[in-house]
1. Any idea which residue in region A:25-39 is modelled with the lowest pLDDT, counting only those that are within 12 Å of chain C (Cβ to nearest Cβ) and surrounded by fewer than 19 Cβ atoms within 10 Å (Cβ to Cβ)?
2. Could you grab me the full set of residues in region B:358-387 that are out of contact with any helix residue (DSSP H, G or I) (no Cβ under 7 Å at 6 or more places or on another chain) and touching a residue at least 12 places away in the same chain (Cβ under 8 Å)?
3. Would you mind finding the one in B:352, B:343, B:334, B:323 that is outside the structural domain of residue B:90 (by TED's automatic domain parsing), in contact (Cβ under 8 Å) with a residue 60 or more places away in the chain, within 22 Å of residue B:233 (Cα to Cα) and within 16 Å of the chain's Cα centre (by Cα)?
4. Evaluate region A:56-65: report whether one residue or more is at pLDDT 80 or above and over 13 Å from the mean Cα position of the chain (by Cα).
5. Would you mind finding the one in B:136, B:127 that is under 27 Å from residue B:183 (Cβ atoms), touching a strand residue (DSSP E or B) at 6+ places or on another chain (Cβ under 7 Å), part of a helix (DSSP H, G or I) and at pLDDT 90 or above?
6. Return yes or no: is residue B:19 crowded, with 21+ Cβ neighbours inside 10 Å, away from every other protein chain (no Cβ under 12 Å) and in a helix (DSSP H, G or I)?
7. Quick check on residue A:125: is it at pLDDT below 80, more than 10 Å from chain C (Cβ to nearest Cβ) and surrounded by 14 or more Cβ atoms within 10 Å (Cβ to Cβ)?
8. Hey, among B:129, B:117, B:133, B:141, which residue is assigned by TED's automatic domain parsing to the domain that holds residue B:20, under 28 Å from residue B:439 (Cα atoms), buried (at least 24 other Cβ atoms within 10 Å of the Cβ) and under 21 Å from the mean Cα position of the chain (by Cα)?
């Protein structure tokens, strides 16, 4: 039990610490890498919840694919400007400035406080259930029975993302003839 | 056979996939026209299938889909919207020299499929997927004119706000899953009836209201709308102002009346407040606009406010009034945007001053526009009147006399900005003389919209009767 | 339930071992940095300009197509685990799913997205 708590502490610390670095990092590329670390922490939390398939998906899709895409997106943008903007005023200066920092910070803190308070006293429906020995099988089973329609629609969402990216980014000279 | 009831959606999907292949394999010159014809054919077949599939009412695919009267209404409305937008798009894409005119139609159809899914879903997961399919397609459509920086601005603003809204919505949905252990709206409703309204349920409900409020551009969450509407290609603006908005209202009706029926007192109060500020702010801000698309954006925000009065009523009558109002609003607004597109294709700037002397340059379009404005204001014998009348009645019935009065005052305010356009058309000498050349499709769209607006205004009873029969509770 | 203790131990060793090796190296090696030594290694070439340059948009589309098919793999995996028990029905459903994405692939192909510049 205590070992589990320790693991939870370490993983949450990794997740939250990395997430914090995402918004404070000076270079946006570093921020993207910290984001990947944060995703790894979340994958660990999934493992802790006995959701091994989800943990694998988290690593494969988020750490592997999404981060790659993010870094490509960063490399496409005018990185010089972003780096200079962040280097000129540090994160803490920015946070404590009235215009950019204090109000959003207060709102975020208030929201977090309210949610934490509500979580503490909520009557959660989810009761401890025996861990599923084979989550992949159960997920597959659910996907092809109950969640059939969402499963098929997911492929259409992927299709529109692909067509959209090609339409919005391909240069004229690349057009098919 | 459980696939028969969703045959229209299957037909539409097949059309989408086929047209995707047509885009890349058709080598001819007139790609734009071919794709428009294909889109119109696909949508027509979808509508025909919908008409001939034996009626089915109930839950499908383990409760993922709810096919009832309301679903039928929207599944019929959205392909019709698609037809209008496809007709409006062809000439526009040609005039603006859009780089890939063919894909426009594919993405439009995908958005419509997503909207149909949203309206007929019985589960938070299908609602979310339908919403994402619609939203992602909408972001792409907003940025479709790549050479135009305003179009890019519209896309990025819409995307960032839309992604935030989706996140908030998803967070609310996850809270409901955690609290009830279910994503199915019927199951959620059953469990909520037992547990009442603990604080976290209310917090989750607020997240849902915020997330969906973004999508309908209700006032504190509307800031993306004017920029997105102004920058997006005009046919896309027409689509945004009716399509995703109506779909989001369909999702709201689904989530709140099907899923959160036990919390009706709480959410109807929230929507009453939202309706009040949305219509007032939308109408007041519209008075100061110089760009017609921006003005219509605020007008459409105001109309979202009116529609929310039906939610504020929190009754079955309110829902019927919303549907009828949406029907009137959708066709009226499409007509207005067809006129704006026709003018913009020649003038290019979409400023209010472009309308000067339209009564001489194209008397038909000018007269049609006046009728559409009368319908949006809610003058008798136009479609908009009965929508407003029913909303008014539903509000009064639920004891919201103050809200009904605010609505009436707002309708009066809205005369102000519609009148600016009418005055420009009839009383101000034209900047550019000479008749305005209008493409055949646009004339057709205006005529059909005009007919719907007038017929619905004169003979609304059969339509109302059918809607009532559709949505009768139980 | 799968026991993840092995994994944890493996992870710990995986992190500790390189850290120990590099730490030992840092302690033992003589520290004599020079201008040439501190240059980024580029296969013997003298580096020119900044590493952070603007890349061609094509990379992004590659990445996006990769994500799409990555997600597809995620859906394929649970299907592969149970496809025998699903029978023909599951097979057809998966083929529809794949078919939709194959059309996306054909689209990308014909748009010459997959070709190198």
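1. Per the stated criteria, the residue is A:27.
2. B:360, B:361, B:362, B:364, B:380 - these are the residues of region B:358-387 that are out of contact with any helix residue (DSSP H, G or I) (no Cβ under 7 Å at 6 or more places or on another chain) and touching a residue at least 12 places away in the same chain (Cβ under 8 Å).
3. Details: B:352 fails: within 16 Å of the chain's Cα centre (by Cα); B:343 fails: within 16 Å of the chain's Cα centre (by Cα); B:323 fails: within 22 Å of residue B:233 (Cα to Cα).
After applying the criteria, what remains is B:334.
4. yes
5. On the way: B:136 fails: touching a strand residue (DSSP E or B) at 6+ places or on another chain (Cβ under 7 Å).
Residue meeting the stated conditions: B:127.
6. Numbers: crowded, with 21+ Cβ neighbours inside 10 Å: yes; away from every other protein chain (no Cβ under 12 Å): no; in a helix (DSSP H, G or I): yes.
Taking the combined requirement at face value, the residue does not satisfy it.
7. yes
8. B:141
The values are calculated or read from the model by the stated rules, or taken from the named source; none is laboratory data. In this text the structure is predicted, and so the values were computed from the model without any measurement. Glycine gets a Cβ as well: all are built from the backbone with ideal geometry, and neighbour counts include every protein chain shown.
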